[in-house]
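S.K.: Just dropping this structure here.
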Amino acid sequence: MSDAALRLVMAALLSAAVGLEREFTHKAAGLRTHMLVGLGAALFTIVGSILGDTRIAAQVVTGVGFLGAGAIFRDGGSVRGLTTAAGLWSVAAVGVAVGAGYLALASLATGVALVVLFALKPIDDRLHRREELP
């Protein structure tokens, strides 16, 4: 497998880890969406590197920002979808890092994202329950 192909697979797998958490919590943007965002970001970065145009990777941020905005909804007095949007943004950054060849950094970032999503969820839930009390 070529280095570029390995990077694409790695970006998809790391992004899948974040997407699985979103899938387990029944969010609209789940496994496949996160994998595709990470894969696309990696591909844009690889192609940009081949073409010698680093601006391509920078444009990933703008494109994913547009996707993330679509995941955010206002529901009465609350806003929903912020964590999903942040997850999409994070896997795009992971994809860029993998595409640029920073596999260890991308793996570390994915690990930190998973800690935030899984380990901090009970704390977040507890804080939100306190806000709902009269």
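Throughout, read-outs are computed from the coordinates displayed, never taken from laboratory work. Here the structure is a predicted model, which means the values were calculated and not measured. All Cβ positions, even for glycine, are placed from backbone atoms using ideal geometry, and neighbour counts span all protein chains on display.
S.K.: Which of 58, 16, 93 moves the most in a Gaussian network model of the chain with Cα springs under 10 Å?
M.R.: Among 58, 16, 93, the largest mean-square fluctuation in the Gaussian network model of the chain belongs to 58.
S.K.: Output wanted: per-residue J couplings in Hz (rounded whole) for the range 37-46, from phi through Karplus 6.51 cos²θ - 1.76 cosθ + 1.60, θ = phi - 60°, x for Gly and Pro.
M.R.: Residue by residue, the range 37-46 yields 5, x, 4, x, 4, 5, 5, 4, 5, 5 Hz.
S.K.: Taking only Cα atoms and a 10 Å spring cutoff, compute GNM fluctuations for the chain and point out the largest among 115, 96, 37.
M.R.: 115
S.K.: Are there any chymotrypsin sites (Phe, Trp or Tyr not before Pro) in the range 1-110 that are in a DSSP loop and have at most 16 other Cβ atoms within 10 Å? List them by number.
M.R.: Answer by residue number: 102.
S.K.: If you don't mind, there's one more thing I want to ask. Provide the per-residue ³J(HN,Hα) series for the range 5-11, in order, calculated from phi with Karplus coefficients 6.51, -1.76, 1.60 and θ = phi - 60°, each as a whole number of Hz, with x at glycine and proline positions.
M.R.: 5, 4, 5, 4, 5, 4, 4
S.K.: Just from its helices, what would the mean residue ellipticity at 222 nm be for the chain, if runs of 4 or more DSSP H residues each count -39500 (n - 2.57) and the sum is divided by every residue, rounded to the nearest 500 deg cm²/dmol?
M.R.: -25500 deg cm²/dmol
S.K.: Now, a different point. Please list the non-local residues whose amide H lies under 5 Å from the amide H of residue 80, H modeled 1.01 Å from N, same-chain partners needing a gap of 5 or more.
M.R.: 73, 74, 75
S.K.: Tell me which label goes with the value of mean projected area of the Cα convex hull in nm² computed from the coordinates here: [x] 8.6; [y] 8.1; [z] 10.1.
M.R.: So the structure-derived entry is [x].
S.K.: Express the relative contact order of the chain as a whole percentage, based on alpha carbon pairs under 8 Å and six or more residues apart in sequence.
M.R.: Computed value for the chain: 30 percent relative contact order.
S.K.: What nm distance separates the two modelled labels at residue 4 and residue 79, each placed 7 Å from Cα along Cα→Cβ?
M.R.: The answer from the label model is 3.9 nm.
S.K.: Once you place label points 7 Å from the Cα toward the Cβ at residue 13 and residue 54, how far apart are they in nm?
M.R.: Using points 7 Å along Cα→Cβ, the separation is 2.9 nm.
S.K.: Same structure, new question: Give me the one-decimal nm value for the distance between modelled label points at residue 26 and residue 62, 7 Å along each residue's Cα-to-Cβ direction.
M.R.: The two pseudo-label positions are separated by 3.8 nm.
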